[in-house]
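Q: Handing you a structure now.
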Amino acid sequence: MKLKKIVVIALAFILLPVMAYETKFTDEGTINYTSSIERQDATPVIVSKENPFYALIATPVALYYDEYNQQHVQPLLVENISNPSDAIVRFKELYGLQDAIVIDGKDIVQASIDIATQIWESSNEAIIVKNDFDGYSIAVNLVALASYKGIPVFVANNIDEIASTLSSLGVKTTYVCGDIEGYGSVVKFESIDEARDYMMNFVKQKFGGVGYIVMANPMD
């Protein structure tokens, strides 16, 4: 599977228009620093290492910032479910993760829908990732935005697969990674550089500067 090669980096009548308008990131004018959401608090998540997209959709579940810029954080473990490492076993024994959400053996599209509807009551923004190599490559650089804003991440092959869920959550703006249509007002990312530049500008405005950048591939 090509993804393993990365090292770093409802109804129809009630739906909003799938593509209201689209903009590509060009400057700080396209950046929205606030988001309106209703969601559960940070929740521990254990994801199978077999699908790297699992870690993407789980990231804002385990870690997010609220409207007061306060961090909410719980463990996110990437695990070999059938044969967990000693380190994972020790961590689970030490901290206890009985209430953790486990994502394993699920179609990634359905997994992203299930986790979003379980955690979020409403969210006016969301990230959409095309279910392919390019979508994943871009999303690795953008997924921190979901934590900073506390918004869900969806993975799909086409927008129709998730449109009803986006509508039910009240999503009005989507940040789109890869070759897939967006929903509502769209900020489109077609390259890793675009996603990285957007995130650097976002962090500068939200926190006053970028000290350093650390990226890790869930497959490592």
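The values are calculated or read from the model by the stated rules, or taken from the named source; none is laboratory data. Everything quoted here is computed from the prediction, not taken from an experiment. No Cβ is skipped: glycine too gets one built from the backbone with ideal geometry, and neighbour counts run over all protein chains shown. Note: accessible area is taken over every heavy atom of the protein model, side chains too, but ligands, DNA and RNA are not part of it. Shrake-Rupley method; radii C 1.70, N 1.55, O 1.52, S 1.80 Å.
Q: Under the 0.36 nm per residue contour assumption, what length would be gained going from the current alpha-carbon distance of Y95 and D160 to full extension?
A: Once the chain is fully extended between Y95 and D160, it gains 19.4 nm.
Q: Might you tell me the accessible area per residue for region 56-108, computed with a 1.4 Å probe and given in Å²? Display every interim value, and only then the final one.
A: Working: 3360 Å² over 53 residues.
It amounts to 63 Å² per residue over region 56-108.
Q: Given 0.36 nm per residue, what is the gain on full extension from S168 to M200 after removing their alpha carbon distance, in nm?
A: 8.4 nm
Q: Let me ask something else. Within region 174-203, name every residue whose backbone N is under 19 Å away from a label modeled 7 Å from Cα of S36 along the Cβ vector.
A: What the label zone holds, given the 19 Å backbone N cut-off, is 174-175, 183-187.
Q: Something else: By per-residue mean of other Cβ atoms within 10 Å, what is the highest-first order of 197-204, 169-176, 54-61? If you can, show how the numbers build up before the last one.
A: On the way: 197-204: 17.6, 169-176: 22.8, 54-61: 26.2.
Averaged packing, sorted descending, gives the order 54-61, 169-176, 197-204.
Q: Can you bin region 166-212 into rounded, prolate or oblate? Criterion: square roots of the alpha carbon gyration tensor eigenvalues sorted a ≥ b ≥ c, rounded for a/c under 1.5, prolate for a/b above b/c, oblate for the rest. Walk me through the numbers on the way to the answer.
A: Details: a/c = 3.81, a/b = 1.64, b/c = 2.32.
Oblate, since a/c reaches 1.5 and b/c is not below a/b.
Q: Before I look further, what does region 137-193 give for accessible area per residue, probe 1.4 Å, in whole square angstrom?
A: So region 137-193 comes to 26 Å² accessible per residue, rounded to a whole number.
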